[in-house]
Amino acid sequence: MIAALSSVQTEEIPAPEQAAADEATLVRAALDANPRAFEEIVRRHSRRIYNFLHQFTRHHHDAEDLTQQTFLKAYQNLHRFDCERPLINWLFTIARRTALNHFRAAKKWEEVPDDTPSESLSPANQSETSDAAENLWAHARRILSQREFEVLWLRFAEELSIEETARIAGLTATHVKVLVYRARQQLMKGAMPS
């Protein structure tokens with residue numbers, strides 16, 4: 001049994017320095033017109049970019065479109081990327097700006113009054129409401145401003161440092177700390193019922 005275990009190859013997790021060097025190599029290869037290198041960049045980071053944009057837009061199709069636009073812009077501007085910095089932070093910055101531009105350009109829709117014929121919710125709506133009430137991020141989205149929610153998402157869902165969050169959001173580190181503090185205070189005041 002020990003011999004069998006020793007023959008099993010384990011995949012080593014690269015150190016952060018190695019991962020950064022690997023990404024820099026991928027970026028250089030993509031700049032040298034190697035299409036597989038950029039495909040690997042997309043494969044590694046598309047899920048996180050999509051999740052960020054989905055939290056931003058709350059629409060699956062918009063998040064997919066914006067993710068695609070983000071990687072298109074990244075490809076077109078890859079020559080501007082600083083290989084000394086984390087690639088994911090650069091991609092988050094592009095994604096955020098792409099989403100903001102999308103919302104600025106979007107037509108404003110007129111709200112339709114809620115004239116439901118029935119007082120009770122449909123089973124589908126009850127299930128959706130129940131799921132949303134149990135979801136901390138959905139709760140945070142309801143009570144926080146867009147800016148506070150965005151900073152909280154980058155800081156805790158994406159596990160970025162204060163400095164990385166500040167760089168992506170276009171804020172100072174102090175402003176990020178203030179927004180995180182205020183968001184936590186609001187979440188504690190509006191704690192979800194148990």
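The values are calculated or read from the model by the stated rules, or taken from the named source; none is laboratory data. None of these values were measured; they are calculated from a predicted model. Positions of Cβ are generated from backbone atoms using ideal geometry, with glycine treated the same way; all protein chains shown enter the neighbour counts. What goes into the accessible areas is simple: the full protein's heavy atoms, side chains included, and nothing from ligands, DNA or RNA. Shrake-Rupley method; radii C 1.70, N 1.55, O 1.52, S 1.80 Å.
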Quick one: in segment 90-105, of everything that is farther than 18 Å from R147 by Cβ and modelled with pLDDT of 90 or more, which residue is most open to solvent (accessible area, probe 1.4 Å)?
W90
Here, helices (runs of 4 or more DSSP H) confined to segment 144-192 with at least 3 residues that are farther than 18 Å from T98 by Cα, open to solvent by 40 Å² or more (accessible area, probe 1.4 Å) and touching a strand residue (DSSP E or B) at 6+ places or on another chain (Cβ under 7 Å) are none
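Please tell me if A29 is on the phi < 0 side of the Ramachandran plot, out of contact with any Pro (no Cβ under 8 Å at 6 or more places or on another chain) and at pLDDT below 90.
Values: on the phi < 0 side of the Ramachandran plot: yes; out of contact with any Pro (no Cβ under 8 Å at 6 or more places or on another chain): yes; at pLDDT below 90: no.
So A29 fails the test.
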Output the residue which, of all residues in segment 129-143 that are open to solvent by less than 70 Å² (accessible area, probe 1.4 Å) and out of contact with any helix residue (DSSP H, G or I) (no Cβ under 8 Å at 6 or more places or on another chain), is modelled with the highest pLDDT.
N135
Which of the numbered conditions does A33 fail, given that it passes all the others? Conditions: (1) free of Cβ contacts under 8 Å to residues at least 12 places away in the same chain; (2) assigned to a helix (DSSP H, G or I); (3) open to solvent by 40 Å² or more (accessible area, probe 1.4 Å).
(2)
Test: residue in segment 147-160 that is of a type in the set (K, R) and more than 23 Å from R47 (Cβ to Cβ):
yes
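Of all residues in segment 55-64, count the ones that are in contact (Cβ under 8 Å) with a residue 24 or more places away in the chain and part of a helix (DSSP H, G or I). Show your work before the answer.
Step one: list which residues in segment 55-64 are in contact (Cβ under 8 Å) with a residue 24 or more places away in the chain, which gives 55-58, 62.
Keeping just the survivors that are part of a helix (DSSP H, G or I) gives 55-57, 62.
Total meeting the criteria: 4.
Identify, from the list E11, E110, E84, E23, the residue that is under 24 Å from A166 (Cα atoms), open to solvent by 60 Å² or more (accessible area, probe 1.4 Å) and either modelled with pLDDT under 90 or of a type in the set (G, A, S) (or both). Can you show your working first?
Numbers: E11 fails: under 24 Å from A166 (Cα atoms); E110 fails: under 24 Å from A166 (Cα atoms); E23 fails: open to solvent by 60 Å² or more (accessible area, probe 1.4 Å).
Being under 24 Å from A166 (Cα atoms), open to solvent by 60 Å² or more (accessible area, probe 1.4 Å) and either modelled with pLDDT under 90 or of a type in the set (G, A, S) (or both) holds for just one of E11, E110, E84, E23, which is E84.
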